[in-house]
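Shown next, in structure tokens, is the structure this report addresses.
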Amino acid sequence: MARLAQTAGLTDVQQEILSTVKDFVDKEIIPNAQALEHADEYPKDIVEGMKEMGLFGLTIPEEYGGLGESLLTYALVVEQIARGWMSVSGVINTHFIVAHMIKQHGTDAQKQHYLPKMAAGEIRGSFSMSEPDLGSDVAAIKTRAKKDGDGYTIDGAKMWLTNGGSSNLIALLAKTDEGAEKPHQNLTTFLVDKTEGFGEVAPGLTIPGKIDKMGYKGVDTTEAVFDGFKIGADKVLGEQPGKGFSYMMDGVEVGRVNVAARACGIAIRAFELAVEYAQQRKTFGKAIADHQAIAFKLAEMATKVEAAHLMMVNAARLKDSGARNDVEAGMAKLIASEYCAEVTQESFRIHGGYGYSKEYEIERLMREAPFLLIGEGTSEIQKTIISRGLLREYKSRG
């Protein structure tokens, strides 16, 4: 975009990274997204291109072979990639969350083992918290890890793993018996190694296959079934049983910024398509952009794109500063996902009948935008997080 979603105060390095990514999106992702999405095909060549650019190690420290960039840089990269095709941003999202958790909470041995290979894209991560009956009630997790000699045996079923088949590392949240009174203090995060693919990917671990989805095609979303899966105690994240909930929430907080960035990317693309089409399509002797009804739509869409982008940038910068950003990340995710759905629908309306055709890109965006209303917590969950944070800050003294 020449005008919207610009970010002030970026370094020369950040600007160079974003320029390179934007060129990659324009040349490699946008021209191929339609065909790959309609075929529900994993974007192998695009992923290889991202490996070569070092995007899998964007935020991994330089000492482990990464680029050592900030969450803000990553969020702006994700915004551009989602502008091209949201599914591609999904390939690196959960990978980044797992890398962040290991970087922040892993033991030295875990960091040395995983982070260099994750930076190179040799190990790619997926994130497993949800379960078939769980929804947003994380404390009600049923997947259990029982002490078994020097390690654990895990049994249970997990749901909604993005990159479940294409990853070879799962950050898994399971229930352990820590004797704590609060349920969330009996949850532990495990680093589960597996092979890529479907079927039995490790003894006692099965990835049944891809879940068929309305949108978000190409990237694989799966279940994971654990049946007597054996794992060593050294694979507990940070070797800290019972700390899994807080580690996962740290990852989710980062993930909410990511989802906000993806929503911004889709909204930017929906606006781009709408403003271009509105200047080409003519009715009653003039371009539809010259009709006040359409011009006002474009004005409202652009304002929503700008507002969402600014809130996303603020949440990322706050996290980079080391400050708590649960409220700001929730606000950014809430407003960006809701505005994304609204902007995309307005773009669809501007396209008229052509918007309903699979030949036009807006049809794909209409199926992708709703996912962001759900991913990393529904809008209602965001409102709960925001209100609790506000009540904590504005506690009544009466």
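The values are calculated or read from the model by the stated rules, or taken from the named source; none is laboratory data. Owing to the predicted nature of the structure, the values given are computational and were not obtained by experimental measurement. We place every Cβ from the backbone using ideal geometry, glycine too, and count neighbours over all the protein chains shown. In case anyone asks, the SASA skips ligands and DNA or RNA and just uses the protein heavy atoms, side chains included. Shrake-Rupley method; radii C 1.70, N 1.55, O 1.52, S 1.80 Å.
Some values worked out for this structure:
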quantity	calculated
Residue in the stretch 32-39 that is farther than 25 Å from Val305 by Cβ and not aliphatic (A, V, I, L, M) present	yes
Test: residue in the stretch 139-157 that is part of a helix (DSSP H, G or I) and touching a His at 6+ places or on another chain (Cβ under 7 Å)	yes
Checking Asp133 against (1) more than 19 Å from the chain's Cα centre (by Cα); (2) touching a residue at least 60 places away in the same chain (Cβ under 8 Å), the condition it does not meet	(2)
Residues within the stretch 361-379 that are among the acidic types (Asp, Glu), open to solvent by 10 Å² or more (accessible area, probe 1.4 Å) and within 18 Å of the chain's Cα centre (by Cα), tallied	1
Some residue of the stretch 88-104 being more than 22 Å from Leu71 (Cα to Cα), in contact (Cβ under 8 Å) with a residue 12 or more places away in the chain and of a type outside the set (Ser, Thr, Tyr)	no
Filter result (at pLDDT 95 or above and surrounded by fewer than 22 Cβ atoms within 10 Å (Cβ to Cβ)) within the stretch 149-164	Gly151, Thr153, Asp155, Gly156, Ala157
In the stretch 366-381, the residues that are within 26 Å of Glu328 (Cα to Cα) and either among the basic types (Lys, Arg) or touching a residue at least 60 places away in the same chain (Cβ under 8 Å) (or both)	Glu368, Ala369, Pro370, Phe371, Leu372, Gly375, Glu376, Gly377, Thr378, Ile381
Tally of residues being over 20 Å from Pro370 (Cβ atoms), among the β-branched types (Val, Ile, Thr) and open to solvent by less than 20 Å² (accessible area, probe 1.4 Å) across the stretch 267-316	2
Strands (runs of 3 or more DSSP E) (entirely within the stretch 196-259) containing at least 3 residues that are surrounded by fewer than 21 Cβ atoms within 10 Å (Cβ to Cβ) and in contact (Cβ under 8 Å) with a residue 60 or more places away in the chain	221-232
Test: residue in the stretch 59-66 that is of a type in the set (Phe, Trp, Tyr), out of contact with any His (no Cβ under 9 Å at 6 or more places or on another chain) and open to solvent by less than 40 Å² (accessible area, probe 1.4 Å)	yes
So Ser167, is it part of a loop (DSSP other than H, G, I, E, B), open to solvent by less than 10 Å² (accessible area, probe 1.4 Å), under 18 Å from Phe229 (Cα atoms) and touching a helix residue (DSSP H, G or I) at 6+ places or on another chain (Cβ under 8 Å)	yes
Matching residues, the stretch 124-137, being open to solvent by less than 30 Å² (accessible area, probe 1.4 Å) and more than 29 Å from Gly57 (Cβ to Cβ)	Glu131, Leu134
Residue in the stretch 173-182 that is touching a helix residue (DSSP H, G or I) at 6+ places or on another chain (Cβ under 7 Å), farther than 20 Å from Gly121 by Cα, assigned to a strand (DSSP E or B) and of a type in the set (A, V, I, L, M, F, W, C) present	yes
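Rundown of residues vs (1) at pLDDT 95 or above; (2) farther than 18 Å from Tyr339 by Cβ; (3) of a type in the set (Gly, Ala, Ser); (4) assigned to a helix (DSSP H, G or I), yes/no style:
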position: Tyr354; (1), (2), (3), (4): no, yes, no, yes
position: Met366; (1), (2), (3), (4): yes, no, no, yes
position: Phe371; (1), (2), (3), (4): no, no, no, yes
position: Gly377; (1), (2), (3), (4): no, no, yes, no
position: Gln382; (1), (2), (3), (4): no, no, no, yes
position: Leu391; (1), (2), (3), (4): no, yes, no, yes
